[in-house]
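Structure first, commentary second.
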Amino acid sequence: MKSGGEENPVRRTDPLIEEFCSHLTYERNASAHTVRNYRRDLEAFAAKTASGEEKGAALWSKIEPGDVRAYVGSMHLTHMKSSMQRNLCAIKSFFKYLVREGHLGSSPAETVASPKLPKKLPEFMPVDEVFLLLDSVREEGLSGARDKAILELLYATGVRVSELTALSVKDLDLTNLTARVKGKGKVEREVVLTSPSAKAVSEYFRERREAGFPPDYEAPVFLNARGGRLTDRSVRRILNEWLMRAAISRRVSPHTLRHTFATHLLGGGADLRGIQELLGHKSLSTTQKYTHLGIEKLMEVYDKAHPRA
């Protein structure tokens, strides 16, 4: 392996990394974000461990478990444990693919243990703070109507930001208060809209027509100033802008609103499996992290349910 631990400053394009990324995209239906992260992590690993200009099987067949452990260990001072875990996950998945495709006889990463992450409860907003945020969006015109619709939909449906920006007009049924969402792995599910969110979207569509955008069933639901599809980053920027205007100091991301949606539903008595379906979770265990109800709610349930309470 590379002596001295110096990274190759030249960005490497490894044929097997590209083959693996194509597999993720076309066979595993991984998102562009996931593929981009895996490619970056694997290229960094290759640059750290390769000698000279080795690529492909000539490079990867020389990697040993100690090399993987040393690489992950070297990240200890500069990376969070979650980042270390993601890097190791990418490396493990990559070597597993190489073995399955016959490029390698065994995986050097198979016995490398993942760093243990501290259990962290999802952060969420209290109901009054959500209402404060939504009620703060009172700006007239197209951008104000769009921003209102974005925030209302995020809280009403609990969709991921990537699912929100991927919505097209044809995916919405504002009459029956439903929307078709394409989630992870391009699995489609139906989510429910609230009356305020449907009203906000209708108002946004009206503003769009008045601004000269013709009705288009195939068009993105949310447009940027140039008429193109709004990006995930733009949604985060819009959310941050309205948080500032509402004088909400806590850090809130679109995913925080997803956590908030699930937490408020569960606190209101919704069934855990129903929440699982709405969130698009494959496993119920993923949804169970939202059972972090406050002590007041737990005491209320206890008082109502326990015979001696």
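The values are calculated or read from the model by the stated rules, or taken from the named source; none is laboratory data. Computed from a predicted model, the values in this text were never measured in an experiment. So basically every Cβ, Gly included, is an ideal-geometry build from the backbone, and we count neighbours across all protein chains shown.
Annotations
- Residue match in segment 73-95 (condition: over 30 Å from residue 251 (Cα atoms), of a type outside the set (A, V, I, L, M) and in a loop (DSSP other than H, G, I, E, B)): no
- Count of residues meeting criterion [closer than 24 Å to residue 155 by Cα and not β-branched (Val, Ile, Thr)] in segment 193-216: 14
- When residues of segment 145-180 are limited to those that are more than 24 Å from the chain's Cα centre (by Cα) and touching a residue at least 24 places away in the same chain (Cβ under 8 Å), the one farthest from residue 198 (Cα to Cα): 145
- All positions within segment 21-39 that are surrounded by fewer than 14 Cβ atoms within 10 Å (Cβ to Cβ) and either outside the structural domain of residue 71 (by TED's automatic domain parsing) or in a helix (DSSP H, G or I) (or both): 22, 26, 32, 33, 36
- Among residues of segment 122-144, those that are assigned to a loop (DSSP other than H, G, I, E, B) and aliphatic (A, V, I, L, M), counted: 2
- Residue that is surrounded by the most Cβ atoms within 10 Å (Cβ to Cβ) [pool: residues in segment 203-214 that are free of Cβ contacts under 8 Å to residues at least 24 places away in the same chain and assigned to a loop (DSSP other than H, G, I, E, B)]: 213
- Qualifying helices (runs of 4 or more DSSP H) (wholly inside segment 227-309; at least 2 residues being farther than 18 Å from residue 157 by Cα, at pLDDT 75 or above and in contact with a Ser or Thr (Cβ under 8 Å, 6 or more places away or on another chain)): 232-245
- The requirement of being surrounded by 19 or more Cβ atoms within 10 Å (Cβ to Cβ), among the hydrophobic types (A, V, I, L, M, F, W, C), touching a helix residue (DSSP H, G or I) at 6+ places or on another chain (Cβ under 6 Å) and on the phi < 0 side of the Ramachandran plot is not satisfied by residue 159.
- Residue pairs meeting the criteria (Cβ under 8 Å; at least 6 apart or on separate chains; first within 14 Å of residue 184 (Cβ to Cβ), in segment 15-30; second basic (Lys, Arg) and part of a helix (DSSP H, G or I)): 29/186
- When segment 100-134 is limited to residues that are aliphatic (A, V, I, L, M) and surrounded by fewer than 16 Cβ atoms within 10 Å (Cβ to Cβ), the one that is nearest to residue 61 (Cα to Cα) turns out to be 113.
- Residue match in segment 52-67 (condition: within 30 Å of residue 186 (Cβ to Cβ) and buried (at least 18 other Cβ atoms within 10 Å of the Cβ)): yes
- Scanning segment 57-82 for residues that are within 17 Å of residue 99 (Cβ to Cβ) and either acidic (Asp, Glu) or under 31 Å from the mean Cα position of the chain (by Cα) (or both) returns 60, 64, 65, 67, 68.
- Test: residue 93 is among the polar types (S, T, N, Q) and either in contact (Cβ under 8 Å) with a residue 24 or more places away in the chain or in the same structural domain as residue 246 (by TED's automatic domain parsing) (or both): yes
- Selection within segment 68-99: residues that are closer than 20 Å to residue 13 by Cα and of a type in the set (Gly, Ala, Ser). The member of this set that is surrounded by the fewest Cβ atoms within 10 Å (Cβ to Cβ) is 93.
- Any hit, segment 112-121, residues being assigned to a helix (DSSP H, G or I), of a type outside the set (Ser, Thr, Tyr) and within 30 Å of residue 83 (Cα to Cα): no
- Cβ-Cβ under 7 Å pairs, at least 6 apart or on other chains, segment 40-54 side within 20 Å of residue 24 (Cβ to Cβ), far side at pLDDT 85 or above and among the small types (Gly, Ala, Ser): 41/90; 42/90
- Among the candidates 225, 200, 270, residue that is exposed (fewer than 15 other Cβ atoms within 10 Å of the Cβ) and either of a type in the set (D, E, K, R) or within 26 Å of residue 136 (Cβ to Cβ) (or both): 225
- Top-ranked residue in segment 162-188 [being in a loop (DSSP other than H, G, I, E, B) and in contact with a helix residue (DSSP H, G or I) (Cβ under 9 Å, 6 or more places away or on another chain); ranked as farthest from residue 239 (Cα to Cα)]: 175
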